[in-house]
1. Which one of A:153, A:165 is in contact with a helix residue (DSSP H, G or I) (Cβ under 8 Å, 6 or more places away or on another chain), free of Cβ contacts under 8 Å to residues at least 60 places away in the same chain and at negative phi?
2. Report yes if residue B:35 is at pLDDT below 95, farther than 17 Å from residue A:84 by Cα and assigned to a loop (DSSP other than H, G, I, E, B), otherwise no.
3. Answer with yes or no whether residue A:283 is in a helix (DSSP H, G or I), more than 14 Å from every other protein chain (Cβ to nearest Cβ), within 28 Å of the chain's Cα centre (by Cα) and under 18 Å from residue A:61 (Cβ atoms).
4. Evaluate the stretch A:273-280: report whether one residue or more is within 14 Å of chain B (Cβ to nearest Cβ), surrounded by fewer than 23 Cβ atoms within 10 Å (Cβ to Cβ), without any contact (Cβ under 8 Å) to a residue 24 or more places away in the chain and under 30 Å from residue A:13 (Cβ atoms).
5. Which numbered condition in (1) out of contact with any helix residue (DSSP H, G or I) (no Cβ under 7 Å at 6 or more places or on another chain); (2) more than 14 Å from chain B (Cβ to nearest Cβ); (3) surrounded by 21 or more Cβ atoms within 10 Å (Cβ to Cβ) is the only one that residue A:121 fails?
6. Would you call residue A:162 in a helix (DSSP H, G or I) and more than 21 Å from residue A:173 (Cα to Cα)?
7. Do we have residue A:199 as touching a residue at least 40 places away in the same chain (Cβ under 8 Å), part of a helix (DSSP H, G or I) and surrounded by fewer than 22 Cβ atoms within 10 Å (Cβ to Cβ) here?
8. Residues to consider are A:230, A:254; find the one that is away from chain B (no Cβ under 14 Å) and not in a helix (DSSP H, G or I).
């Protein structure tokens, strides 16, 4: 990072904090602090929803995913527009009519206090586990790539977020999300433009697209169905719809965004805009990864993108031979790429296909050499699960992008992290105060008292996030486990809301037991089958609805 | 489920039409991405 980069990064972080404090300066009642008095316009909520979902690690790893596996990850978002329609049609009017602060408050109106308490607890557990990881994950990657001490990164990032979120509440969160989303979009467009502009003379944009296509990096739609594959058209449409319904319809960190809308129309428009904008946005991010792949077709990449692991591998006597093979195969693939470009321009279709096959063969040989290097790095670093996908994009940014732009990309990554964390601690505090403290611990107190409690809960969740982030590095691969644990709970949450909206005859006891049965079904699927994670939401949801209906019918028969 | 009094959307006249437009948009996006993948698969 050069001085210009630091200037851009520091200016970005300070301006976000000041903007948040200014926007949240009038949060002097619980309603203003937690719900912005329901005055938010659709565009602010829409970008806040998008910013909350886009975490730093998604930003970093999506481009890397495209580099190693192509663009098929975009299919993950095919269910999003469908989910946005269903939430707009059913959840938004129900939540607005009930005039609630949290989605779980609605469950007490519809069922009973114990169902609300159980679902609130599931949310606090799930989000509580994730918030520290959301803060630490980008810090760990930045520490490896740039040498920044990860403890200081999490501390500074966390402190800035806690400052404006605790003082400004939801208004600060929503408007800083809006601003941060603009920074993210600027960052990714600049990265894409730079990757294309830095291709060598003689390689046009269309040549780059042809190379990426020949290497299978533009495989945006895969029509073959496979239960165990998360990224195909069918899992995206069906599994993706369930996941997005659960995340946007039942997770308070998202529901709270559109509960602030000044009308049902504004809230619906914000969700539908999210459904429309997300697919092209993910396309651009993934396409950037594909262009970074083409860039590294002409500029030699490191054998392993994870710098620390590469250093350890270099100390091994076998590394020199691996590196030499990698160099030779890189040159071979580069020549094959130039041959492909010449064939593309010649217009001879059969020659083009022949050169493309030749290029793919050269690419497969280079991948073989890279795999040897990766295995050596795994052995040398004592980490058999070592994966350098998350380091690819940042290696490109820090080693090849010009001064100033590196700072913009870092600002975009940190903005992505901060926007996610601010929404998470804001929603955790809201559920803690509204669904636990005000409901069970102190039922009658002044608005001023609950406002203070909300600020303190926000600060406490922020402090908790910073503290858990300090230890997350030591969790190693457990970070993956914690993330996966989070997705184990969504199906049951979705199921209970489906019951609430569509099965009027089901009562509180059946719903409560249904959530427990659904949760058990998901845990069983996780422990005893190899079903892809994306399907857990559908399994959990169906299990909750089916078991609640059975229990409800049994209770009705018993009553007679 | 009894719905609230429906506010009309700012365009297309009815929410049902807005939702249909979003479905059409999704279908068109998938078709375009499929073509993009096919054309560039070599």
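1. A:153
2. It is false that residue B:35 is at pLDDT below 95, farther than 17 Å from residue A:84 by Cα and assigned to a loop (DSSP other than H, G, I, E, B).
3. For residue A:283, the condition - in a helix (DSSP H, G or I), more than 14 Å from every other protein chain (Cβ to nearest Cβ), within 28 Å of the chain's Cα centre (by Cα) and under 18 Å from residue A:61 (Cβ atoms) - is not met.
4. Looking for residues that are within 14 Å of chain B (Cβ to nearest Cβ), surrounded by fewer than 23 Cβ atoms within 10 Å (Cβ to Cβ), without any contact (Cβ under 8 Å) to a residue 24 or more places away in the chain and under 30 Å from residue A:13 (Cβ atoms), one finds at least one in the stretch A:273-280, hence yes.
5. All conditions are met except number (3).
6. Taking the combined requirement at face value, the residue does not satisfy it.
7. It is false that residue A:199 is touching a residue at least 40 places away in the same chain (Cβ under 8 Å), part of a helix (DSSP H, G or I) and surrounded by fewer than 22 Cβ atoms within 10 Å (Cβ to Cβ).
8. After applying the criteria, what remains is A:230.
The values are calculated or read from the model by the stated rules, or taken from the named source; none is laboratory data. Please read all numbers here as calculations on a predicted model, not as lab measurements. Note: ideal-geometry Cβ built from the backbone for every residue, glycine included; neighbour counts use all protein chains shown.
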